[in-house]
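Worksheet: the structure to be examined is printed underneath.
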Amino acid sequence: MEINKFKKVGKSKYKLVFNNTDITIYEDIILKYNLLIKNDIDEELLDKIIEENRYYEAYYTALSYIEIRMRNKKEINIYLTKKGYDKKYIEFAISKLEELNLLNDNSYIVAFINDKVNLSNDGPNKIKKNLLDLDFNERDIDSYLSKIDDEVWNDKIKKIINKKKSLMKSKSYYMFILKMKNDLYNLGYDKNMIDDNLSNIEYVSNAIEKDFDKCFKKFKGDKTKILNSMIRKGYSYEEVNSLFNK
């Protein structure tokens, strides 16, 4: 088959035009088989070129993927699998990226932790779990997390609490604390750190009178039922009982 023309069609890609057809080939393959010099190739060589080109297609697809942001081997594997590449092509792509030092576990861990600390509300336990889910070494993760001062996490917890305080004034103190503990724990913060930050918090709720009025109407003034319902909502016996005298 005679090559009639080369045409650049994208980053690192060229279209080889033959008499009756054309194929798009990566420049790595063109250089490997001296296609800029050869004007004619047989069917056997063409089949070989097309097969090898698939490996480079997987590699350049992975390369574009990591240019958006840093990725690790598991993420690339999942991405290329979804794109329809077989295992052998994926292994080639990952191996080539590693050769070029474009997949560095330590750099990824540091960047990931820094992003989460600076750009999210996630705590250390959630960050660690996310990295473990990506198959990183637990010792490496712990090593970098241990370098972050506890005050960083405490500051993040305080900011979360203060923001929630302004949004949750309709809840009782008890329900607010319960909700905050659950939210902060799910965000990955240490239980003792959460308790310390919530132990002396000032929280002013405007919910008790509204809740009392609802219960009063619902139970038609039945004091026992009203007390039981309000106590379940987190109010003390004394503060609820005082409302009966107003």
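Some points to look at:
- Set Lys88/Lys129; Lys48/Lys87; Lys48/Lys83; Lys116/Lys181; Lys73/Lys147; Lys74/Lys179 screened for pairs whose C-alpha atoms are more than 27 Å apart: Lys88/Lys129; Lys74/Lys179
- Intensity falloff of the stretch 103-142 expressed as log10 I(q)/I(0), Debye formula with alpha-carbon point scatterers, at q = 0.22, 0.31, 0.35 Å⁻¹: -0.63, -1.17, -1.34
- The chain - percent of accessible surface contributed by carbon and sulfur, probe 1.4 Å: 47
- Option label - Cα extents along the principal axes in Å computed here, alternatives (1) 64, 39, 30; (2) 102, 42, 25; (3) 64, 41, 37: (2)
- When the Cα positions of Asn39, Gly123, Leu97 are compared along the charge dipole of the stretch 1-157, Asn39 comes out farthest toward the positive end, with charges on each C-beta of Lys, Arg, Asp and Glu.
- Shape box of the stretch 1-44 [Cα atoms, principal axes, largest first, Å]: 26, 21, 17
- Counting only Cβ charges, +1 for Lys and Arg and -1 for Asp and Glu, the dipole size of the chain around its Cα centre is about 1960 debye.
- Applying Stokes-Einstein at 10 °C and 1.306 mPa s to the Kirkwood radius of the stretch 115-203, computed over alpha-carbon pairs, gives a translational diffusion coefficient of 114 µm² s⁻¹.
- Using θ = phi - 60° in the Karplus curve 6.51 cos²θ - 1.76 cosθ + 1.60, the 3J(HN,Hα) couplings for the stretch 157-162 round to 4, 4, 5, 5, 4, 4 Hz; x is entered for Gly and Pro.
- The angle separating the long axis of helix 223-232 from the principal Cα axis of greatest extent in the chain is about 30 degrees.
- Heavy-atom accessible surface of the chain, averaged per residue, reaches 63 Å², computed with a 1.4 Å probe.
- For the chain, the longest principal axis of the alpha carbon atoms and the long axis of helix 173-186 meet at an angle near 20°.
- Using 0.36 nm per residue and subtracting the Cα-Cα separation, the extra length available between Asn19 and Phe219 on full extension is 63.1 nm.
- Per-residue ellipticity at 222 nm, computed for the chain from helices alone with -39500 (n - 2.57) per DSSP H run of at least four residues, works out to -19500 deg cm²/dmol.
- In sequence order, calculated HN-Hα J values of the stretch 41-50 (Karplus, 6.51, -1.76, 1.60; Hz; x Gly/Pro): 9, 8, 4, 4, 5, 4, 4, 5, 5, 4
The values are calculated or read from the model by the stated rules, or taken from the named source; none is laboratory data. Just so you know, these numbers come straight off a predicted model, no measurement behind them. All Cβ positions, even for glycine, are placed from backbone atoms using ideal geometry, and neighbour counts span all protein chains on display. Just so you know, the surface numbers come from the protein's heavy atoms only, side chains and all, with ligands and any DNA or RNA stripped out. Shrake-Rupley method; radii C 1.70, N 1.55, O 1.52, S 1.80 Å.
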